[in-house]
């Protein structure tokens, strides 16, 4: 089963991050929705935050980060598209599933 996610970034990023932490935006809600899914589970999407950010930390508490585990030799930067300087797009897989990152 695959889920696609896009975390919006409003005028006030700090407010959005507080809402994510409070469970009002997608990463927290997604974890709640998929907790009983038995099938192999992959979550992909634009989290609009860097790997050290709260949404990604929350996802990594239950999912593997395919890019980080692929041993890629580049940084995986994806934003902005014309001169990438940040990594904001991710492929997460449930750590308990038998999935291997080959190339991300």
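The values are calculated or read from the model by the stated rules, or taken from the named source; none is laboratory data. It should be emphasised that the depicted structure is a prediction, and the values quoted were computed from it without experimental measurement. No Cβ is skipped: glycine too gets one built from the backbone with ideal geometry, and neighbour counts run over all protein chains shown.
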Margin query: I'm told residue 59 meets every condition in (1) within 10 Å of the chain's Cα centre (by Cα); (2) buried (at least 19 other Cβ atoms within 10 Å of the Cβ); (3) in a loop (DSSP other than H, G, I, E, B) except one. Can you identify the failing condition by its number?
Written below: (3)
Notebook entry, point to check: Can you name the residue in region 62-80 that is touching a helix residue (DSSP H, G or I) at 6+ places or on another chain (Cβ under 9 Å) and touching a residue at least 24 places away in the same chain (Cβ under 8 Å) and, of all such residues, is surrounded by the most Cβ atoms within 10 Å (Cβ to Cβ)?
Noted result: 63
Note to self: Please determine whether any residue of region 20-42 is in contact with a helix residue (DSSP H, G or I) (Cβ under 6 Å, 6 or more places away or on another chain), modelled with pLDDT under 80 and loosely packed, with under 13 Cβ neighbours inside 10 Å.
What the structure shows: no
Notebook entry, point to check: residue 86 versus (1) out of contact with any strand residue (DSSP E or B) (no Cβ under 6 Å at 6 or more places or on another chain); (2) touching a residue at least 24 places away in the same chain (Cβ under 8 Å); (3) over 21 Å from residue 29 (Cβ atoms): which is the lone unmet condition?
Noted result: (1)
